[in-house]
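Inspection log for the structure reproduced underneath, given as structure tokens.
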Amino acid sequence: MKINGVSIALSAPLPLAELLTQQGYPTTRIAVEKNGEIVPKSAYETTMIADGDVLEIVSFVGGG
């Protein structure tokens, strides 16, 4: 699988929320796209990630 263009090896499918925690991403202030589709925050626990998936993760930054 790939996260923001970087290949990551997965030993088994896992929930998106767990992957985000393992990779050090906060689950607040981010948006996740899986295989070209936005994943709602309410689905992070139930969305399974497996080899072959492509994720784009964008962090929101405050300021002005």
For the chain, report the % of Cα-Cα distances exceeding 17 Å. 33
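Taking loop as defined by DSSP and a crowding limit of 14 other beta carbons within 10 Å, which trypsin sites (Lys or Arg not before Pro) in the chain fit?
ARG29
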Magnitude of the Cβ-charge dipole (Lys and Arg +1, Asp and Glu -1) of the chain about the Cα centre, nearest 20 debye, reported as 180
Accessible area per residue of the chain at 1.4 Å probe, in Å²? 63
Once you place label points 7 Å from the Cα toward the Cβ at THR21 and ASP51, how far apart are they in nm? 2.5
Express the relative contact order of the chain as a whole percentage, based on alpha carbon pairs under 8 Å and six or more residues apart in sequence. 47
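The values are calculated or read from the model by the stated rules, or taken from the named source; none is laboratory data. Just so it is clear, the model here is predicted, and its values are computed rather than measured. Reconstructed Cβ throughout: ideal geometry from the backbone, glycine too, with neighbour counts over all protein chains shown. Surface accessibility is based on the protein's heavy atoms, side chains included, excluding ligands, DNA and RNA. Shrake-Rupley method; radii C 1.70, N 1.55, O 1.52, S 1.80 Å.
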